[in-house]
Amino acid sequence: MDVVLADGNERTVDAQSDPDLWWALRGAGHNFAIVTSVTLKVYDIQHRDWAREKMIFTGDKADEVYQTMHDSIFKDGKQDIDIVVWSYMLLVPEIDRENPLIIVYLLREGVKAVDVKHSAALKKPGPVRVEDTPGTYLDLAAWTMISMADAPCQKLGASNLRYPLYLGTYNIGAAKRAYDMFAGALRSRPEFAHSIFMFENYPVQGLRKSESKNSAFAFRNDSVLLAPLMNFPSDNKDLAGMAVMLGEALRNTLHKASRRDTMHMYVNYAFRDSSEEMYGAEAWRQEKLAGLKAKYDPHRRFTFYNPVV
């Protein structure tokens, strides 16, 4: 990896030449250097095909849907390696103008249709709509409503604040309480109508092949990434305050159910969160990050986004 350090010097970094900086760059790199080039191991595409199965559920099925996903797909952190699962809580006015729906996306590489072994259990709660869509990798963003044409990526004069949280597993009761809180807020504040509550689940077998101590990324043992995304007009300070309170309350609902002392947060979604929450609360980890920051960026030039110190 070729980088420019805070003092302007260029350096090529790898595990042998500078193991400490290499450790920091993998998980907290924006605090230490500007990357100008990277040498990567790449692989030929083995499968051109991708498939999406989309299921839409009414909000009264929230606990049943997340219980089913917990039991049949997430499997306590042992999710099948060939399936990716996203779900959203959001308003779809043509189906329900008052209450957010739950949309589940099952995504699979190398096939034209998602195998019934992944989808059968989710049919039992009774989705109001099911869509099967074949495509390619290039369709994934549009399939999951995060393409450049979708609201979260548009410049529409709106703020989009996310409140991320990593979890080891789902607490079904907390997910239902979060749904009820989110639904109540959207009913009482139409300005939040384009907000969404995101849940992301990926196979983590490869992620866990390396121990957490081997890089600045601390949360390799987590299985679930969730984030309320609060969308509201940027010029309304009162709404901004409400959005912050709601986003934090939704996240806290699921965090408290996890019974963890410290939140685990995805740094790329994080907003006003602490170093311990974004980079790991272990004392040795915080000390190492602070020491490396003092060594490579003593004047803290790289502190513009979610700093380690």
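Of the numbered conditions (1) touching a Leu at 6+ places or on another chain (Cβ under 8 Å); (2) at pLDDT 95 or above; (3) closer than 27 Å to A141 by Cβ, Y179 fails exactly one; give the number of that condition.
The failed condition is (1).
Determine if region 229-246 includes at least one residue that is touching an Asp or Glu at 6+ places or on another chain (Cβ under 7 Å), buried (at least 16 other Cβ atoms within 10 Å of the Cβ) and outside any helix (DSSP H, G or I).
yes
In this structure, does R260 turn out to be assigned by the TED database to the domain that holds F217, surrounded by 12 or more Cβ atoms within 10 Å (Cβ to Cβ), without any contact (Cβ under 8 Å) to a residue 40 or more places away in the chain and not in a strand (DSSP E or B)?
In short, yes.
Conditions tested, residue by residue: (1) more than 30 Å from H299 (Cβ to Cβ); (2) touching a helix residue (DSSP H, G or I) at 6+ places or on another chain (Cβ under 9 Å).
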| site | (1), (2) |
| --- | --- |
| V4 | no, no |
| N9 | no, no |
| V13 | no, yes |
| L21 | no, yes |
| R26 | no, yes |
| D63 | yes, yes |
| K75 | yes, no |
| I103 | yes, no |
| V111 | yes, no |
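Suppose we filter region 175-213 for residues that are among the aliphatic types (A, V, I, L, M), outside any loop (DSSP other than H, G, I, E, B) and surrounded by fewer than 18 Cβ atoms within 10 Å (Cβ to Cβ); how many remain?
Looking only at that region, the number is 2.
Taking the stated definitions as given, is A270 part of a loop (DSSP other than H, G, I, E, B), aliphatic (A, V, I, L, M) and at pLDDT below 95?
Yes: the conditions hold for A270.
Restricting attention to region 14-25, which residues are under 20 Å from V308 (Cα atoms) and either buried (at least 17 other Cβ atoms within 10 Å of the Cβ) or in contact with a strand residue (DSSP E or B) (Cβ under 9 Å, 6 or more places away or on another chain) (or both)?
Matches in region 14-25: D18, L21, W22, W23, A24, L25.
Filter region 260-301 down to the residues that are over 19 Å from the mean Cα position of the chain (by Cα) and on the phi > 0 side of the Ramachandran plot and list them by number.
Listed by number, the list holds a single entry, R300.
What is the residue count in region 56-74 for residues that are among the aromatic types (F, W, Y) and part of a helix (DSSP H, G or I)? Walk me through how you get there before you give the answer.
Narrowing region 56-74 to residues among the aromatic types (F, W, Y): 57, 66, 74.
Going one step further and asking which of them are part of a helix (DSSP H, G or I), we end up with 66, 74.
Residues flagged as among the aromatic types (F, W, Y) and part of a helix (DSSP H, G or I) within region 56-74 amount to 2.
Just for strands (runs of 3 or more DSSP E) wholly inside region 107-172: which have at least 1 residues that are modelled with pLDDT of 90 or more, among the aromatic types (F, W, Y) and in the same structural domain as V65 (by the TED database)?
Hits in region 107-172: 165-167.
Looking for whichever is assigned by the TED database to the domain that holds N201, over 22 Å from the mean Cα position of the chain (by Cα) and not charged (D, E, K, R) here; the options are T68, T58, T12, T36. Which one fits?
After applying the criteria, what remains is T58.
Conditions first: (1) touching a residue at least 12 places away in the same chain (Cβ under 8 Å); (2) outside any loop (DSSP other than H, G, I, E, B). D14 passes all but one, so which condition is the exception?
(2)
Quick check, is F57 touching a Ser or Thr at 6+ places or on another chain (Cβ under 7 Å) and either within 27 Å of A141 (Cβ to Cβ) or loosely packed, with under 12 Cβ neighbours inside 10 Å (or both)? Step through it out loud before you land on a result.
Numbers: touching a Ser or Thr at 6+ places or on another chain (Cβ under 7 Å): no; either within 27 Å of A141 (Cβ to Cβ) or loosely packed, with under 12 Cβ neighbours inside 10 Å (or both): yes.
Answer is no for this residue.
For a quick check of your reading of the model, give me the residue pairs whose first member lies in region 61-76 and is surrounded by fewer than 20 Cβ atoms within 10 Å (Cβ to Cβ), whose second is among the hydroxyl-bearing types (S, T, Y) and part of a helix (DSSP H, G or I), with beta-carbon atoms closer than 9 Å and at least 6 apart or on different chains.
Between residues of region 61-76 that are surrounded by fewer than 20 Cβ atoms within 10 Å (Cβ to Cβ) and residues that are among the hydroxyl-bearing types (S, T, Y) and part of a helix (DSSP H, G or I), the close pairs are D63/Y179.
For region 218-228, give me each residue that is touching a residue at least 24 places away in the same chain (Cβ under 8 Å) and assigned to a loop (DSSP other than H, G, I, E, B).
Within region 218-228, A218, F219, N221, D222, S223 meet the criteria.
The values are calculated or read from the model by the stated rules, or taken from the named source; none is laboratory data. None of these values were measured; they are calculated from a predicted model. Glycine gets a Cβ as well: all are built from the backbone with ideal geometry, and neighbour counts include every protein chain shown.
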